[in-house]
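J.: Shown below is the structure under consideration.
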Amino acid sequence: MANPLLSRAADVGGALLGRLQDLRLPGVGTASAKDDPARAARRWRVVTVLLPADRVDPGDLPAPLAALGDRIEVRVTPAPADKGTEVAARYRTAPSEEDIGRLRAALRASKQLLETGEVLRMDPRPHGERAQTPAGRLLDGVVANAKKEGVL
Amino acid sequence: MKAVTWAGVNRLSVEDVPEPQILNDHDVILKVRRTTTCGSDLHLLSGYVPFMRAGDVIGHEFMGEVVEVGKGVREREVGDRVVVASFVSCGTCWYCRNEMFSLCDNSNPNPGITEGLWGQSVGGCIGYSHALGGYAGSHAEYVRVPYADVGSFVVPDGVSDDRALFASDAASTAFTGVDLGGVQAGDTVAVWGAGGVGQMAARLSAIVGAERVVVIDRLPERLEQARTYAGAQTIDYTTTDVAAELRELTGGRGPDVCIEAVGMEAHSPGPQGVYDQVKQQLRLQTDRPAAVREAVMACRKGGSVFTLGVFASMVDKFPLGALMNKGLTLRGAQVHGPRYIPRLLELMERDELVTEHLATHVMPLSEAPRGYELFKEKQDGCVRAVFTP
């Protein structure tokens, strides 16, 4: 039978990175904590890929972004100097936190696909006994959400 | 296979774990021949990097033989004897193309963690916590090496396993500091820390032309190695005032370049040490920066201070006024391995750079917990424990 304390720890870990977005502490990276929630949700999320702009077709987006379909609008512009091409995306309507997390992950995966041709896979990976402690489950939750959180 | 796993704060275990698999086309699987302790592992072991999960395989400085190759690998083949960069680099993002390999955009699959800590994500590192990707480490019989064409390098026939091993991280980290710290011919370079990285920084400073190199530590056996193998002068900071000694050695100017190779668990005598220990234990600062403070204060006006030791987050009582008013350049970096490993292997092949003396304790993987104990407590003259899986 699942230990409710451990399940709760994983949930808390999963929420922890998201809550960091709301803090204003020195040295803690925040996506847009000073914005009001509506403005934060409408911000363009942007990655820069090291490809010329004519190699990034907004009509033929990598699968992770394409999967979000008409819910998002995408803007592709050349980056200054030799930095490549900026790929920006945002939802057309007010998104949930989960939506924004999905967009972050899609942008990151799309950048990898465009630059390296693959999305890095991590599992299965070798590991020893995973002791089911609250701290361990907390970290499991953090890691499970790490692609969907951050300053992007 | 056997592997060394983190089992909790200050607890290591040797366990049977599944073997790694090719997961991406650019992967190779390596049969590990040598893998070594690194001072930065101690931060994981001690719990100062709180992103370790019980069961994680540790180890990031290693070399071995390629035994399996992904279908997208072009430069490596089964049977190659290679040394591997500890940080994982895709080779195609802007940072990799500009030789800042440890800043790779694509190699850390957990970017949300480090973006929260540092405002940007950096590259992943093999065997170095879930903050840096959660890769299984090299203290194992086999290890997966992603982007193998970028991060693995064939070892020349004339370079032994024992020598090549330290190109993986210690020497390449040191070269990062010497190069980006701006060491030039005729410079006086001071290096804080006489561990593997510090000794390599001292030797490489001499190789690129530094006229005088001074190494600072408290452990006599390490200072002796710095004198013998790097040709450095040495200062024991427990018995000598470091800043006064450096002033006297440099005509009152101070060193041109100061390289800090100590990191977040710096020891320091007197009230400063007590202050840092208390604040770190109370989690009011994450790191103990005594060596960086001393380097900033000792450095000549207009000089360069480079932090090679690993720091996690926040420090207290940092002499920003000295930095600004003396016109110093402060830089830091994790290791840009692929930028330096080819040249290091050339230096090793010509016997200009020797590293075998760092491996003071060589033992089978099954004895790794004892090796880490010797390494952590600096017992029996341990500079590095090397494991032979």
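J.: Return yes or no: is residue B:182 in a helix (DSSP H, G or I), away from every other protein chain (no Cβ under 14 Å) and in contact with a strand residue (DSSP E or B) (Cβ under 7 Å, 6 or more places away or on another chain)?
T.: no
J.: How many residues are open to solvent by 20 Å² or more (accessible area, probe 1.4 Å), in a loop (DSSP other than H, G, I, E, B) and within 22 Å of residue A:152 (Cβ to Cβ) if we restrict to region B:103-160?
T.: Residues in region B:103-160 being open to solvent by 20 Å² or more (accessible area, probe 1.4 Å), in a loop (DSSP other than H, G, I, E, B) and within 22 Å of residue A:152 (Cβ to Cβ): 5 in total.
J.: Residue B:55: open to solvent by less than 10 Å² (accessible area, probe 1.4 Å), touching a Gly at 6+ places or on another chain (Cβ under 9 Å) and not hydroxyl-bearing (Ser, Thr, Tyr), yes or no?
T.: yes
J.: In addition: Identify the residue in region B:294-315 that is free of Cβ contacts under 8 Å to residues at least 40 places away in the same chain and either farther than 23 Å from residue B:200 by Cα or under 20 Å from the mean Cα position of the chain (by Cα) (or both) and, among all such residues, is least open to solvent (accessible area, probe 1.4 Å).
T.: Result: B:302.
J.: So which residues in region B:1-32 are in contact (Cβ under 8 Å) with a residue 40 or more places away in the chain, out of contact with any Leu (no Cβ under 8 Å at 6 or more places or on another chain) and under 16 Å from residue B:368 (Cβ atoms), if there are any at all?
T.: Matches in region B:1-32: B:1, B:7, B:8, B:13, B:15, B:17, B:32.
J.: Starting from region B:129-157, take each residue that is in contact (Cβ under 8 Å) with a residue 40 or more places away in the chain and on the phi > 0 side of the Ramachandran plot and list its partners that are of a type in the set (Gly, Ala, Ser) and surrounded by fewer than 24 Cβ atoms within 10 Å (Cβ to Cβ), counting only C-beta distances under 8 angstrom and pairs at least six apart or across chains.
T.: Taking only residues 6 or more apart or on different chains, the pairs are B:147/B:91.
J.: More than 20 Å from the chain's Cα centre (by Cα), more than 10 Å from every other protein chain (Cβ to nearest Cβ) and open to solvent by 10 Å² or more (accessible area, probe 1.4 Å): is that true of residue B:73 in this structure?
T.: It is true that residue B:73 is more than 20 Å from the chain's Cα centre (by Cα), more than 10 Å from every other protein chain (Cβ to nearest Cβ) and open to solvent by 10 Å² or more (accessible area, probe 1.4 Å).
J.: Quick check on this structure: which one of A:101, A:84 is within 15 Å of residue B:94 (Cβ to Cβ), surrounded by 14 or more Cβ atoms within 10 Å (Cβ to Cβ) and touching a residue at least 24 places away in the same chain (Cβ under 8 Å)?
T.: Unique residue meeting the criteria: A:84.
J.: Here is a further query. Restricting to region B:334-360, name every residue that is farther than 21 Å from residue B:97 by Cα and touching a Cys at 6+ places or on another chain (Cβ under 9 Å).
T.: The one that is farther than 21 Å from residue B:97 by Cα and touching a Cys at 6+ places or on another chain (Cβ under 9 Å): B:360.
J.: So, in region B:254-275, how many residues would count as being at positive phi and either in a helix (DSSP H, G or I) or out of contact with any strand residue (DSSP E or B) (no Cβ under 9 Å at 6 or more places or on another chain) (or both)?
T.: Going through region B:254-275 one residue at a time, the tally reaches 1.
J.: Let me ask you something else. Can you tell me which residue is farthest from the other protein chains (Cβ to nearest Cβ) among those in region A:69-81 that are surrounded by 10 or more Cβ atoms within 10 Å (Cβ to Cβ) and under 16 Å from residue A:103 (Cα atoms)?
T.: Among them, the one singled out is A:73.
J.: Continuing with this model, one more query. Cβ-Cβ under 9 Å, sequence separation 6+ or interchain: first residue in region B:41-58 and of a type in the set (Lys, Arg), partner assigned to a loop (DSSP other than H, G, I, E, B). Which pairs?
T.: B:53/A:127; B:53/A:130; B:53/A:131; B:53/B:129; B:53/B:134
J.: Same structure again: Could you please let me know if residue B:78 is open to solvent by 10 Å² or more (accessible area, probe 1.4 Å), assigned to a loop (DSSP other than H, G, I, E, B), more than 30 Å from residue B:366 (Cβ to Cβ) and more than 8 Å from chain A (Cβ to nearest Cβ)?
T.: For residue B:78, the condition - open to solvent by 10 Å² or more (accessible area, probe 1.4 Å), assigned to a loop (DSSP other than H, G, I, E, B), more than 30 Å from residue B:366 (Cβ to Cβ) and more than 8 Å from chain A (Cβ to nearest Cβ) - is not met.
J.: Does region B:310-328 include one or more residues that are modelled with pLDDT of 95 or more and closer than 22 Å to residue B:201 by Cα?
T.: yes
J.: On the given criteria, is residue A:113 open to solvent by 30 Å² or more (accessible area, probe 1.4 Å), more than 8 Å from chain B (Cβ to nearest Cβ), under 17 Å from residue B:25 (Cβ atoms) and of a type outside the set (Ser, Thr, Tyr)?
T.: So residue A:113 passes the test.
J.: Also, quick follow-up: If I ask for residues that are open to solvent by less than 40 Å² (accessible area, probe 1.4 Å) and facing another protein chain (nearest Cβ under 7 Å), which ones from region A:132-150 would you list?
T.: Matches in region A:132-150: A:136, A:139, A:142, A:143, A:145, A:146, A:149, A:150.
J.: Mind listing just one residue for me: the one in region A:87-98 that is within 18 Å of residue A:148 (Cα to Cα) and open to solvent by 10 Å² or more (accessible area, probe 1.4 Å) and, of those, farthest from the chain's Cα centre (by Cα)?
T.: A:94
J.: Does region A:137-145 contain any residue that is at pLDDT 90 or above and under 27 Å from residue B:72 (Cα atoms)?
T.: Scanning region A:137-145 turns up no residue that is at pLDDT 90 or above and under 27 Å from residue B:72 (Cα atoms).
J.: Within region B:10-29, can one find any residue that is over 26 Å from residue B:154 (Cβ atoms), open to solvent by less than 30 Å² (accessible area, probe 1.4 Å), in a loop (DSSP other than H, G, I, E, B) and within 10 Å of chain A (Cβ to nearest Cβ)?
T.: yes
J.: Next question. Could you list, in sequence order, all residues of region B:202-252 that are within 25 Å of residue B:163 (Cβ to Cβ), small (Gly, Ala, Ser) and either assigned by TED's automatic domain parsing to the domain that holds residue B:354 or assigned to a loop (DSSP other than H, G, I, E, B) (or both)?
T.: Hits for region B:202-252 are B:209, B:210, B:231, B:232.
J.: From (1) over 17 Å from the mean Cα position of the chain (by Cα); (2) at pLDDT below 90, pick out the condition that doesn't hold for residue B:264.
T.: Unmet for residue B:264, out of (1) over 17 Å from the mean Cα position of the chain (by Cα); (2) at pLDDT below 90: (1).
J.: I'm checking my understanding of the structure. Among residues of region B:324-358 that are open to solvent by 30 Å² or more (accessible area, probe 1.4 Å) and among the hydrophobic types (A, V, I, L, M, F, W, C), which one is farthest from residue B:272 (Cα to Cα)?
T.: Applying the filter and picking the extreme gives B:354.
J.: In region A:24-47, which residues are assigned to a strand (DSSP E or B) and either modelled with pLDDT under 85 or surrounded by fewer than 18 Cβ atoms within 10 Å (Cβ to Cβ) (or both)?
T.: A:46 - this is the single residue of region A:24-47 that is assigned to a strand (DSSP E or B) and either modelled with pLDDT under 85 or surrounded by fewer than 18 Cβ atoms within 10 Å (Cβ to Cβ) (or both).
J.: In region B:244-291, how many are open to solvent by less than 60 Å² (accessible area, probe 1.4 Å) and farther than 21 Å from residue B:184 by Cα?
T.: 19
The values are calculated or read from the model by the stated rules, or taken from the named source; none is laboratory data. Keep in mind the model is a prediction, meaning the values are calculated, not measured. For neighbour counting, all protein chains shown are included, and Cβ atoms are generated from backbone atoms with ideal geometry for every residue, glycine included. Ligands, DNA and RNA are stripped out before the accessible areas are found, and what is left, the full protein with its side chains, is counted by its heavy atoms. Shrake-Rupley method; radii C 1.70, N 1.55, O 1.52, S 1.80 Å.
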